[in-house]
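Asks: Let me begin by handing over the structure; questions about it come next.
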Amino acid sequence: MNKESIHSVNISIPKIDGTGLVLGRPAYTEDLAPQDALVVRLLRSPHAHARILSIDTSAALQVEGMACILTWKDVKRIAYTRAGQGHPEPSPHDKFILDEYVRYVGDEVAIVAGRDLACVNRALSLIKVEYEVLPAVLDFEQAVDNPAVVHPESDIHEMFPIGFEPKRNIAAAYSMEVGNAAQVLEDCDVVVEGTWYTQAQNHVAMEAHTAFTYLDLHGRLNVVSSTQNPFHTRRLLGQALAMPLRNIRVQKPRIGGGFGTKQTIHVEPYAALVTLATGKPAKITLTRKEVFEATFTRHQMRLKVRLGAAKDGRLRAIDMQVLSNTGAYGEHALTVFMVGGSKTLPLYNKVEAVAYGGQVVYTNQVSAGAFRGYGAVQGNFALESAMDELAHRLGMSPIELRRRNMIGEGQTSEVFRIMGEGSEGVEMTIESCKLEYCIQRGKELIRWDQEPLVRQVAPGRIRAKGMAIAMQGSGIPLIDMGSANLELQDDGFFKLHIGATDLGTGSDTILAQIAAEELGVPVEDIVVYASDTDHTPYDVGAYASSTTYVSGNAVLQAAQRMKQALREAVAETYKLRAESVQFRDGQFYDEQGKVITSLKQFSFDTLYHNGASMKTIATTGSFSGEKSPPPYMAGFVEIELDTETGKIDVIEYVAVVDCGTTINPNLARIQVEGGLLQGIGMALCEDVQYSEGGHLLTNSLLHYKVPGREDVGRLTVEFAESYEPSGPFGAKSVAEIGIDTPPAAIANALRNATGVRVYELPLTPPRVLKALRAAGK
Amino acid sequence: MEIKQLVLAQTIEEAYEAVKERRATILGGCTWLRMTTKSLDYGVDLSALGLSYIKESGQEIEIGASTTLRSLEVDGLLAKHYGPLFSRTLGHIVGVQLRNLSTLGGSLAGRYGFSDVSTLFLALGAELDLYPEGPLSIEAYMAATDHGPHLIRAVRIPARQVQASYQTVRITHLDFPILSVAAAYTGGLWRIAVGARPGRAQLAAAAMQILGGTKKPEGAAIAEAARQAAAELSFGKDIRADEEYRKNVCPVLVRRAIEEASR
Amino acid sequence: MMITCTINNEKKQLEIQAGEMLAEVLRRYGYTEVKTGCDTGSCGLCTVLVDSKPVLSCSYLAHRAEGRSISTVKGKEKEAVEFAAFLTAEGADQCGFCSPGFTLTVLAMREELKNPSDEDIRHYLAGNLCRCTGYEGQMRAIRKFLEAHHE
């Protein structure tokens, strides 16, 4: 591609909203809530599984300032899903806003609203609930056909066949096979087998879940929420509240991080019910404890992998069988499960046979949902660990093994066709893949060949390197759709209205860059308004790494159409043929190259001066991908292991990423760096733990540890020169890929350091030391 | 947190009175208290008592109980006698913003298992100046859970070059320690304290005996002391680690602490 | 009870309850730039300066603010805007929720530490969590900010 013609894309411009946010200008949901909004909190179940026999709210309602208390008897019983996904949702409709049964510690029991937090908290302590405690399923490996059933009720359903067998505690099930994996494995020279475990993980977005609701002067329900998906929120709320969508408006202001935890509706229904019951504005903000106990985690998984290869290193078969724990409700159950295979297996597309299958089970634990990586990071941990084991068995360099078997440009994988998200996938030929470069460059940066792979740096301290490769996707093909409206304004600037959802990621900015680039105008001439179901066109929202590719292509289309519309409008005004009018650099030219008028002048003319032919010049672009071109990366880590305590320190992490064109290189880099830290957290220190009774023990930042500033050494992130023809200006996506490699790379480094492989995350000092001692190290 | 009655004590007698007669809770830094307490009937604030100081007093350094951990961390007098010991030990505690609030007295009075401060001061052989009782060794203070109504007025540690080392294992840099060990050669004798067992810090007396008064013990003696420390103390399980891990890691940290302190 | 203190260079009289923490009081009085992110003093979002020292306002008893000078990020607007330019130039101003508390801590660090190394910087700022950026972008911004101030 011609680099010289680009002047808004591949440029690191500062985010539009930067300075205001740093100064703490009121821009977040809680900042914007009306002063007189009722404060809403939830009474939550202390039991992992119970039936509510009675709720006595009489004393609580006496507290001065109380407005209302709603229990399951006050709410229309409608089964819905909270999962922010397209329609029909691949997640079962197994949730009721309030129910007679509670299915995990933290499940909602009553909605309490009052004038201020003090009276609400007082009221909460006065509500008397009688429970019949029921047996609970607290081990996902014991869930299937457990006598305790999490969802015995008959009025829940799947939206289309997903293998939903709730009476067996199965939320979803899936299997696929290309060729005959068992047969091929039997024939292989070397077979590696193992069972890997990944833990539930918490997102820890800095801003807790929050929303406020009010009725506007037309009596419509207005919802302002810290959400990743305003349009899904509107639709799901409409379902759950049995309200026509035309009577609901959802807006997302600035939000304090998502990472998937806000790809859902969480708090909106409770505030909405209070507003509908009282006519008053209502606001709800979860405490950090509630965010841990009663929002989502990553799906915990057990992954059984068998790899078979010829002794020359040719990978011949992969079999991956997975058990996934979706917790008390089935949000994202099937889709995360599928991504565990669909965004890992195609890395090794030359196998003769590949099989993927398993079940997603209910337990009486915190519900699992969407979290950056979305199954791919779990699958990657297992697959890339197994690949390294295979390399050891073959006596081959792990890098060589990847090179010999990994996917390349111009190639495809059957898995693309077979595995979508929730249903069949889409055939796809890979048009951009720089894995070869990523590996080569990553190798150099970590000095893989220049230094010994393993070396002792002090008594009991070993440094070692490890690596892994990964892929992700760019939106869900034929399911994710984004739109953009562009409108010319007087003074020669454009309104860009997008449904796309900026989580702080900078998508407003990069979408403006794409529009500016296509129109050939400065980015300052694009004014963005986003994420408001009343005023912006539809967009699925921020998930599945869709914004740059899907929403970006929609913006590109709107801008292309705008150029055409501008030329036609100028042609009409000046009585020329549209084909003869050219538009560039903010001016219109005739066939001879003479200036006809400027964009700025024309923007006034079309609104004020052109008499009967005055008009608004506006265009719409919509895009749904026919493919989901994967970003790729190679991750290399150097760890230092304290062999006497089992403590692993990350000395350096190198990530070389192919995300196609980086629309904004700075923002792309930060996405990778942020993802790396979360992946390192999953690898080393983040651990969701429960008591025997199913209470979440890690329900505060005191006990749930995310990597801090001093926990990780040097991060080196680079991008490959790559161009995806189907992407806006060659871009793919970069939001999730950064998180995928650290667990496997670090486990592989540990294996290189000691000969010991640990199969379970996180690799905390106790777990590592135990494994080392068991192996006699 | 709700404090039904707040007393801003102007004298230590007033503060003691509130604690004794009204069972008032002492408000130190309050960083732990406010997490664990919803409501207090009586809270007594010691801010006006002038207990925030670090001074040399004869052979000792006296530290007022209201001195913040941050002050200890950056203090020149402490650095002069103890080197980077205080900054290294306290630097693991949550962050500068918290250490600007948490006090020495509060950290010691809590006798928390996770307290780096307790483990360190136990090894240094600190003497607590209690009101009204007067001086009490830190090990005596830590051994009992209930001293009746009292205040910690100040803490004294030796003002001389003390060889000491603090070692921990943590899952992340700012996490509570899985195990904490402090070793100090002070006043001609070794002191070894082990905390976060997960229980509160204790002296490994038998291990200390093995080292006795030898300023630079031999490797064999160090190894023996380390083994003994793990054998004589009890360990337990919490969400961070099980008993076996702590037992395995104790001799490692004790050995490292003694080695560093005797360098 | 009433207390008198200075907030962002303005003398203020605040009505507070005994036992209330400074963060709640400040937010109630409209200083919504003071964020809260956890219940356990672990995240640093609520950082304010009290007599120039960075403290967790969620753990600071409001009555102790009597007679003291408090700064939220708005009270240091000039320096904050200057620092914001470096942050936004790196793209490290992601969701922005940690930014006000983080910015104040950076400004306090600049006053307290002369010529800090990378290790010193990470250590001083360790109590300010960020989940978006992975910390590296913030480090790049801080180094450039300190260098510029040096000149």
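Asks: Kindly state which helices (runs of 4 or more DSSP H) lie completely within the range A:368-439 and contain at least 2 residues that are assigned by TED's automatic domain parsing to the domain that holds A:Thr741, of a type outside the set (Lys, Arg) and under 20 Å from the mean Cα position of the chain (by Cα).
Replies: A:376-394
Asks: Can I ask one more? Criterion first (surrounded by 23 or more Cβ atoms within 10 Å (Cβ to Cβ), away from chain C (no Cβ under 14 Å) and under 30 Å from A:Glu158 (Cα atoms)) does A:Gly86 satisfy it?
Replies: No, not satisfied.
Asks: Here is a check on your reading of the model: is A:Val192 touching a residue at least 12 places away in the same chain (Cβ under 8 Å), closer than 21 Å to A:Pro537 by Cβ and in a strand (DSSP E or B)?
Replies: no
Asks: Working carefully through the options A:Leu486, A:Leu496, find the one that is closer than 21 Å to A:Ala668 by Cβ, in a strand (DSSP E or B) and at pLDDT 95 or above.
Replies: Step by step, each of A:Leu486, A:Leu496 is checked, and only A:Leu496 is closer than 21 Å to A:Ala668 by Cβ, in a strand (DSSP E or B) and at pLDDT 95 or above.
Asks: Shifting gears a bit: If you take the residues in the range A:203-223 that are of a type in the set (Gly, Ala, Ser) and touching a strand residue (DSSP E or B) at 6+ places or on another chain (Cβ under 7 Å), which one is farthest from the other protein chains (Cβ to nearest Cβ)?
Replies: Residue satisfying both the conditions and the ranking: A:Ala211.
Asks: Can you name the residue in the range A:686-709 that is in a loop (DSSP other than H, G, I, E, B) and among the aliphatic types (A, V, I, L, M) and, of all such residues, is farthest from the other protein chains (Cβ to nearest Cβ)?
Replies: A:Val688
Asks: Looking for whichever is touching a residue at least 40 places away in the same chain (Cβ under 8 Å) and within 14 Å of chain C (Cβ to nearest Cβ) here; the options are A:Thr264, A:Thr227. Which one fits?
Replies: It is A:Thr227.
Asks: To continue, here is another question. Only one of A:Pro743, A:Pro762 is assigned to a helix (DSSP H, G or I) and either at positive phi or buried (at least 21 other Cβ atoms within 10 Å of the Cβ) (or both). Can you tell me which?
Replies: Exactly one residue qualifies, and that residue is A:Pro743.
Yes or no, residue by residue, for (1) buried (at least 24 other Cβ atoms within 10 Å of the Cβ); (2) hydrophobic (A, V, I, L, M, F, W, C):
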site: A:Val178; (1), (2): no, yes
site: A:Gln199; (1), (2): no, no
site: A:Val223; (1), (2): yes, yes
site: A:Ser226; (1), (2): yes, no
site: A:Leu245; (1), (2): no, yes
site: A:Thr264; (1), (2): yes, no
site: A:Ala277; (1), (2): no, yes
site: A:Lys280; (1), (2): no, no
site: A:Lys283; (1), (2): yes, no
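Asks: Of all residues in the range B:239-252, how many are more than 8 Å from chain A (Cβ to nearest Cβ) and either among the β-branched types (Val, Ile, Thr) or closer than 13 Å to B:Val169 by Cβ (or both)?
Replies: Total satisfying the criteria: 4.
Asks: Hey, another quick one. Return the total of residues in the range B:44-83 being among the aromatic types (Phe, Trp, Tyr) and in contact with a strand residue (DSSP E or B) (Cβ under 6 Å, 6 or more places away or on another chain).
Replies: The total comes to 1.
Asks: With respect to B:Arg23, determine if the residue is over 21 Å from B:Arg99 (Cα atoms) and either modelled with pLDDT under 95 or acidic (Asp, Glu) (or both).
Replies: So B:Arg23 fits the description; yes.
Asks: If you don't mind, another one. Only one of B:Ala204, B:Ala159 is away from chain A (no Cβ under 14 Å), touching an Asp or Glu at 6+ places or on another chain (Cβ under 7 Å) and at pLDDT below 95; which?
Replies: B:Ala159
Asks: Can you find a residue in the range C:1-20 that is part of a helix (DSSP H, G or I) and more than 7 Å from every other protein chain (Cβ to nearest Cβ)?
Replies: Looking through the range C:1-20, none of the residues is part of a helix (DSSP H, G or I) and more than 7 Å from every other protein chain (Cβ to nearest Cβ).
Asks: Take residues that are at the interface with another protein chain (Cβ under 9 Å from one of its Cβ atoms) and under 30 Å from B:Ala9 (Cβ atoms) and tell me which of the strands (runs of 3 or more DSSP E) falling wholly in the range C:43-151 contain 2 or more.
Replies: It comes to C:47-50, C:53-56.
Asks: In the range A:47-57, is there at least one residue being of a type in the set (D, E, K, R), within 22 Å of A:Ala328 (Cα to Cα) and not assigned by TED's automatic domain parsing to the domain that holds A:Tyr538?
Replies: Yes, that holds for at least one residue.
Asks: Also, quick follow-up: Suppose we filter the range A:155-196 for residues that are more than 22 Å from A:Glu331 (Cβ to Cβ) and aromatic (Phe, Trp, Tyr); how many remain?
Replies: 1
Asks: Okay, moving on. Is one or more of the residues making up the range B:163-184 within 11 Å of the chain's Cα centre (by Cα), over 23 Å from B:Ile258 (Cβ atoms) and at pLDDT 95 or above?
Replies: no
Asks: Let me ask you something else. Please find, among B:Gly58, B:Gly43, B:Gly28, B:Gly110, the residue that is out of contact with any Asp or Glu (no Cβ under 7 Å at 6 or more places or on another chain) and modelled with pLDDT of 95 or more.
Replies: B:Gly43
Asks: Sticking with this structure for a sec: Going by the conditions given, is A:Ser545 on the phi > 0 side of the Ramachandran plot and in contact (Cβ under 8 Å) with a residue 24 or more places away in the chain?
Replies: Answer is yes for this residue.
Asks: Would you mind telling me which numbered condition in (1) within 14 Å of another protein chain (Cβ to nearest Cβ); (2) touching a helix residue (DSSP H, G or I) at 6+ places or on another chain (Cβ under 6 Å); (3) part of a loop (DSSP other than H, G, I, E, B) B:Pro149 fails?
Replies: (1)
Asks: Looking at the range A:599-609, is at least one residue over 39 Å from the mean Cα position of the chain (by Cα) and of a type in the set (Val, Ile, Thr)?
Replies: Among the residues of the range A:599-609, at least one is over 39 Å from the mean Cα position of the chain (by Cα) and of a type in the set (Val, Ile, Thr), which makes the answer yes.
Asks: Examine the range A:663-684 for a residue that is among the charged types (D, E, K, R), in contact with a Lys or Arg (Cβ under 9 Å, 6 or more places away or on another chain) and modelled with pLDDT of 95 or more, and state whether such a residue exists.
Replies: So far as the range A:663-684 goes, no, none of its residues is among the charged types (D, E, K, R), in contact with a Lys or Arg (Cβ under 9 Å, 6 or more places away or on another chain) and modelled with pLDDT of 95 or more.
Residue-by-condition table, conditions (1) closer than 24 Å to A:Asp502 by Cα; (2) within 14 Å of another protein chain (Cβ to nearest Cβ):
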| residue | (1), (2) |
| --- | --- |
| A:Gly260 | yes, yes |
| A:Val274 | no, no |
| A:Glu293 | no, yes |
| A:Arg314 | no, no |
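Asks: So A:Asn349 passes all but one of these: (1) surrounded by fewer than 24 Cβ atoms within 10 Å (Cβ to Cβ); (2) within 20 Å of A:Pro762 (Cβ to Cβ). Which condition number does it fail?
Replies: Here A:Asn349 meets the rest and fails (2).
Asks: Let me ask something else. Mind checking which strands (runs of 3 or more DSSP E) fall wholly inside the range A:3-105 and carry at least 2 residues that are among the β-branched types (Val, Ile, Thr)?
Replies: A:38-44, A:50-56
Asks: Here is a follow-up. Read through the list (1) under 13 Å from the mean Cα position of the chain (by Cα); (2) in the same structural domain as C:Cys38 (by TED's automatic domain parsing), then give the number of the only condition that C:Leu107 fails.
Replies: (2)
Asks: Exactly one condition in (1) facing another protein chain (nearest Cβ under 7 Å); (2) over 30 Å from B:Lys4 (Cβ atoms); (3) not in a strand (DSSP E or B) is false for C:Gly37; which is it?
Replies: All conditions pass for C:Gly37, except number (2).
Asks: A:Gly24 passes all but one of (1) more than 14 Å from chain C (Cβ to nearest Cβ); (2) among the small types (Gly, Ala, Ser); (3) closer than 28 Å to C:Cys46 by Cα; which number fails?
Replies: (1)
The values are calculated or read from the model by the stated rules, or taken from the named source; none is laboratory data. Values in this document were obtained by computation on a predicted structure and should not be read as measured data. When we count neighbours, we look across all protein chains shown, and the Cβ atoms used for this are built from the backbone with ideal geometry, even at glycine.
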